[in-house]
Structure formats: C-alpha cells, structure tokens
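A short worksheet on the structure shown next.
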Amino acid sequence: MLHYKKFAVIAILFALTAIGMSAMRPTDDKPPKRNLKVLPKDINHEQLDSVMDSWKAALGVKCNFCHAPSADSTSHHLDFASDAKPEKKMARFMFTMTAKINKKYFKSDKDDQGMMMAAISCKTCHRGSPHPDEVK
C-alpha cells in the first residue's frame, strides 16, 4: 500500500508540473508581422536588423522614432508593422529617393550579402541628425 501511495504522489506531482509548464508557455508562437514596402520581401532578419541599425545611426535616433508603440497598452513593445507614424512613411520615401539617385547617377554594386551598396545614403545628408536642415 505504501508503494501505491508513493506512486500516486509522484504521478500527481508530475501532472501538476506538466500543467504548470504548459500554462507558462507563450500562447502566441507566430512570427512578428512584417510590413515591407520598399525593402525586399525575402530579406532575412539579420539583414533587416542591419538596415534598421544603419538608418538609426545615420539619423541619430532610436527605433521609436519611426515605429509606433503597440496598441496593447499593457505592452511596452513597438508595433513594427504599424504605419501609424508619419516618420515611417517619410523614411520609405527617402529610401526610394536615394535608391533612384544611386541607380541613375552612380554605379550600383552589391555587398557580400547581396544588398545594394549605395553611393549616397541617409548619412550623406543627415549626418546623425533626424532633421538635416538643423545640422550646424
């Protein structure tokens, strides 16, 4: 009888542990939404991060300059797919503009990751300022 009680206690503890672990598992395993309009749709995560990091450095800003906060008020994350901020639309316009200038006036080369190497970039005009007309 003692062995039966030990087995029952161990089985109950195991079941409670399994239930606890499944309750702590995140419910949303979907990848984050993407809203790519000017960057290649097949860009991988590392390349996307690299592009975003270069834009942040060129303008001297952080991600929240172009990306809106999540609609969920309890979350402190950014909604990268949202088009709520006008700065994001302007960034797309500026990216398209520099791509056209590079294509028309400069020879286009690709780097080792297959990304276009620009003769001019955001940093050409912005030089670390979000508003280049304010650079002194």
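The values are calculated or read from the model by the stated rules, or taken from the named source; none is laboratory data. Worth saying up front: this structure is predicted, and the values here are computed from it rather than measured. Every residue, glycine among them, receives a Cβ derived from its backbone with ideal geometry; neighbour counts consider all protein chains shown.
Residues in the stretch 107-121: is at least one hydroxyl-bearing (Ser, Thr, Tyr) and more than 21 Å from the chain's Cα centre (by Cα)? Yes.
In the stretch 69-98, how many residues are aliphatic (A, V, I, L, M) and farther than 24 Å from HIS126 by Cβ? Don't jump to the end; show me each part of the working.
Pass one, the stretch 69-98, residues aliphatic (A, V, I, L, M): 71, 78, 81, 84, 90-91, 94, 97.
Then drop every residue that is not farther than 24 Å from HIS126 by Cβ, which leaves 71, 81.
Summing the residues that are aliphatic (A, V, I, L, M) and farther than 24 Å from HIS126 by Cβ in the stretch 69-98 gives 2.
Residues that are modelled with pLDDT of 90 or more and of a type in the set (Phe, Trp, Tyr): does the stretch 3-10 have at least one?
Taking the stretch 3-10 first, the residues modelled with pLDDT of 90 or more are none.
No.
Filter the stretch 67-101 down to the residues that are out of contact with any Asp or Glu (no Cβ under 8 Å at 6 or more places or on another chain) and hydroxyl-bearing (Ser, Thr, Tyr) and list them by number.
Of the residues in the stretch 67-101, the ones out of contact with any Asp or Glu (no Cβ under 8 Å at 6 or more places or on another chain) are 72-88, 90-101.
The answer is SER73, THR74, SER75, SER82, THR96, THR98.
Scanning the stretch 49-74 for residues that are assigned to a helix (DSSP H, G or I), hydrophobic (A, V, I, L, M, F, W, C) and without any contact (Cβ under 8 Å) to a residue 12 or more places away in the chain yields a single hit, MET52.
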